[in-house]
Amino acid sequence: MSYLTKTDPQIADIIKKERLRQQNGLELIASENLVSRAVLEAMGSVMTNKYAEGYPGKRYYGGCEFHDMAENLARDRLKKLFGAQHANVQPHSGTQANMAVYFAFMKLGEGLLSMKLTQGGHLSHGSPVSFTGQFYKVSQYVLDPKTEMLDYGIVEEMARKEKPKIIVCGASAYPRTIDFAAFQEIADGVGAYCMADIAHIAGLCATGVHPTSVGVTNFTTTTTHKTLRGPRGGAIMCNTEYAQAIDKAVFPGMQGGPLMHTIAAKAVCFEEALRPSFKDYNRQIVKNAKVIAETLMDNGLRLVSGGTDNHLMLLDLTTQGITGLEAETALGRAGITVNKNTIPNETKSPFVTSGVRIGTPAVTSRGMKEAEMREIGRYIARIVKDIHDEAAIRDVHTKVYAMASTFPLYPE
Ligand code: PLP
């Protein structure tokens with residue numbers, strides 16, 4: 001950053017501090033990851049200088065020949081990665097990918113059936129504070145109260161009763177396997193479309209570590225920055241029959257000019273995800289999550305649904321008598337970053353919560369494996385069992401710093 005340091009020392013300093021924060025701590029936020037240097041370079045490139053409204057071969061601006069090449073590569077690689085018939089790589093975010101599907105296939109006031117936010121769903125799946133909750137008639141399914149897992153009977157019953165236009169599956173905080181075929185079957189049974197939002201588990205789906213939704217549900221939306229380990233952004237996949245409607249809904253329906261530097265970076269990410277090592281990486285994410293989960297439970301802590309099948313787990317802090325916010329703060333002071341999260345049957349506000357969400361994509365990207373996960377599980381247990389033990393926070397912080405320094409963010 002030698003140029004930026006000279007021209008804007010203030011922002012350069014902020015970026016340096018953020019890099020140090022990432023380097024010195026353990027990032028366990030389940031929705032975050034660490035992109036490659038190649039992805040960073042593509043994002044910070046001259047591709048950001050250009051307007052390219054439209055699609056490859058059909059742009060509203062001249063000079064797009066290289067942008068066409070980049071977007072075609074991104075689309076082709078994404079299709080190959082998931083075996084999709086059609087891909088749109090322009091959504092600026094996961095929310096905008098979802099928005100485009102709704103805009104393409106649902107009129108104002110029509111029915112959307114999705115998972116409740118406090119049970120693991122996402123804001124863009126119909127929360128009252130999102131446009132989705134205000135533009136559509138939303139009904140939401142809950143988890144089986146005993147197992148805290150999806151109960152397809154509950155979903156089917158609601159689908160029959162509510163007759164939605166679109167059924168959404170996929171979640172932000174669900175630690176178990178999702179049966180996408182069961183959701184599509186339920187949708188078919190009531191004449192609805194089925195949209196799988198695989199934002200969190202896209203990398204797992206691409207590599208067969210979790211069953212994929214592509215080719216199973218009518219539409220698949222995703223973010224590109226979570227387990228897929230690419231730049232912040234969104235994408236949509238579907239069969240050819242829906243391609244035109246989806247493309248029109250993204251542009252000009254929802255967005256203007258595509259972020260071409262991000263699309264170039266998405267292409268880089270998809271190429272990286274096509275390498276055999278990406279499968280090993282995603283397998284390791286899940287192995288790592290299982291080790292943290294077992295360690296927490298061995299230390300007497302309770303996980304929602306009793307464990308994990310994917311990259312994340314939800315720690316229920318009710319019996320510790322502390323809130324998610326308190327745990328997030330104490331862990332943060334020890335160099336461990338997690339986020340407070342609602343748990344099924346939450347009684348507290350989303351700013352306080354009774355749980356924390358813990359995920360392994362970022363620490364796995366740093367090369368950490370089972371041995372480190374066991375340590376991390378012990379650190380978390382030690383802190384949440386007594387968040388007022390200042391000596392423990394200091395001791396864990398020292399150990400976290402030492403562990404983090406042996407796993408550089410970007411090894412030379
Ligand atoms: N869908 C799911 C399941 C998510 O978890 C998220 C973000 O966490 C999104 C959509 C939204 O993605 P974005 O923040 O890029 O809008």
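The values are calculated or read from the model by the stated rules, or taken from the named source; none is laboratory data. None of the values given here were measured: they were computed from a predicted structure. Reconstructed Cβ throughout: ideal geometry from the backbone, glycine too, with neighbour counts over all protein chains shown. Areas reflect the complete protein model, heavy atoms only, side chains present, ligands, DNA and RNA absent. Shrake-Rupley method; radii C 1.70, N 1.55, O 1.52, S 1.80 Å.
Among the conditions (1) closer than 30 Å to ASP76 by Cα; (2) more than 12 Å from the ligand (Cβ to nearest atom); (3) not aliphatic (A, V, I, L, M), TYR136 misses just one, which is (1). Restrict the check to the range 109-130 and report whether at least one residue is basic (Lys, Arg), part of a loop (DSSP other than H, G, I, E, B), in the same structural domain as GLY257 (by TED's automatic domain parsing) and within 16 Å of the ligand (Cβ to nearest atom). Within the range 109-130, one or more residues are basic (Lys, Arg), part of a loop (DSSP other than H, G, I, E, B), in the same structural domain as GLY257 (by TED's automatic domain parsing) and within 16 Å of the ligand (Cβ to nearest atom). Within the range 214-226, residues that are touching a residue at least 40 places away in the same chain (Cβ under 8 Å) and aliphatic (A, V, I, L, M) reach partners that are open to solvent by 10 Å² or more (accessible area, probe 1.4 Å) and away from the ligand (no atom under 11 Å from the Cβ) with beta carbons closer than 7 Å, at six or more positions or on different chains, in the pairs VAL214/PHE82; VAL214/GLY83; VAL214/ALA84.
Just checking, which of ASN341, ASN345 is surrounded by 24 or more Cβ atoms within 10 Å (Cβ to Cβ) and either at pLDDT 95 or above or not β-branched (Val, Ile, Thr) (or both)? Spell out how you get there, then give the answer.
Values: ASN345 fails: surrounded by 24 or more Cβ atoms within 10 Å (Cβ to Cβ).
That would be ASN341, the only listed residue that is surrounded by 24 or more Cβ atoms within 10 Å (Cβ to Cβ) and either at pLDDT 95 or above or not β-branched (Val, Ile, Thr) (or both).
Conditions tested, residue by residue: (1) in contact (Cβ under 8 Å) with a residue 40 or more places away in the chain; (2) in a loop (DSSP other than H, G, I, E, B).
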{"position": "GLU18", "(1), (2)": "no, no"}
{"position": "ALA30", "(1), (2)": "yes, yes"}
{"position": "ASN33", "(1), (2)": "yes, yes"}
{"position": "ALA38", "(1), (2)": "yes, no"}
{"position": "THR48", "(1), (2)": "yes, no"}
{"position": "ALA70", "(1), (2)": "yes, no"}
{"position": "ASP76", "(1), (2)": "no, no"}
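Does LEU81 satisfy being within 20 Å of the chain's Cα centre (by Cα), at pLDDT below 95 and surrounded by 20 or more Cβ atoms within 10 Å (Cβ to Cβ)? Taking the combined requirement at face value, the residue does not satisfy it.
Could you tell me whether THR240 is more than 18 Å from TYR152 (Cβ to Cβ), β-branched (Val, Ile, Thr), open to solvent by 30 Å² or more (accessible area, probe 1.4 Å) and out of contact with any Pro (no Cβ under 7 Å at 6 or more places or on another chain)? In short, yes.
Of all residues in the range 219-246, exactly one satisfies the criterion of being under 19 Å from ALA199 (Cα atoms) and assigned to a helix (DSSP H, G or I), namely ILE246. Set side by side, the residues GLU412, GLU370, GLU390 differ, and just one is in the same structural domain as ARG302 (by TED's automatic domain parsing) and within 26 Å of LYS226 (Cα to Cα), which is GLU370.
Residues that are within 16 Å of the ligand (Cβ to nearest atom), in the same structural domain as MET47 (by TED's automatic domain parsing), aliphatic (A, V, I, L, M) and not in a helix (DSSP H, G or I) do occur in the range 257-266.
One line per residue, one yes/no per condition, for (1) among the β-branched types (Val, Ile, Thr); (2) outside the structural domain of GLN90 (by TED's automatic domain parsing); (3) within 16 Å of the ligand (Cβ to nearest atom):
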{"residue": "PHE219", "(1), (2), (3)": "no, no, yes"}
{"residue": "LYS226", "(1), (2), (3)": "no, no, yes"}
{"residue": "GLY253", "(1), (2), (3)": "no, no, no"}
{"residue": "VAL286", "(1), (2), (3)": "yes, yes, no"}
{"residue": "ILE292", "(1), (2), (3)": "yes, yes, no"}
{"residue": "ASN299", "(1), (2), (3)": "no, yes, no"}
{"residue": "GLY306", "(1), (2), (3)": "no, yes, no"}
{"residue": "ILE322", "(1), (2), (3)": "yes, yes, no"}
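Restricting attention to the range 355-412, the residues being over 17 Å from HIS311 (Cβ atoms) and open to solvent by less than 10 Å² (accessible area, probe 1.4 Å) number 8. Only residues that are away from the ligand (no atom under 15 Å from the Cβ) and open to solvent by 30 Å² or more (accessible area, probe 1.4 Å) were counted across the range 84-102, and they come to 1.
Name the helices (runs of 4 or more DSSP H) wholly within the range 138-218 that hold at least 3 residues that are open to solvent by 20 Å² or more (accessible area, probe 1.4 Å)? Before you say what the answer is, go through the steps one by one.
Details: elements: 152-162, 180-189, 202-206.
Answer list for the range 138-218: 152-162, 180-189.
Just checking, how many residues over the range 152-199 are touching a residue at least 40 places away in the same chain (Cβ under 8 Å), more than 16 Å from the ligand (Cβ to nearest atom) and closer than 30 Å to LYS340 by Cβ?
2
State whether one or more residues within the range 42-54 are under 17 Å from the mean Cα position of the chain (by Cα), open to solvent by 30 Å² or more (accessible area, probe 1.4 Å) and of a type outside the set (Asp, Glu). No, the range 42-54 contains no residue that is under 17 Å from the mean Cα position of the chain (by Cα), open to solvent by 30 Å² or more (accessible area, probe 1.4 Å) and of a type outside the set (Asp, Glu).
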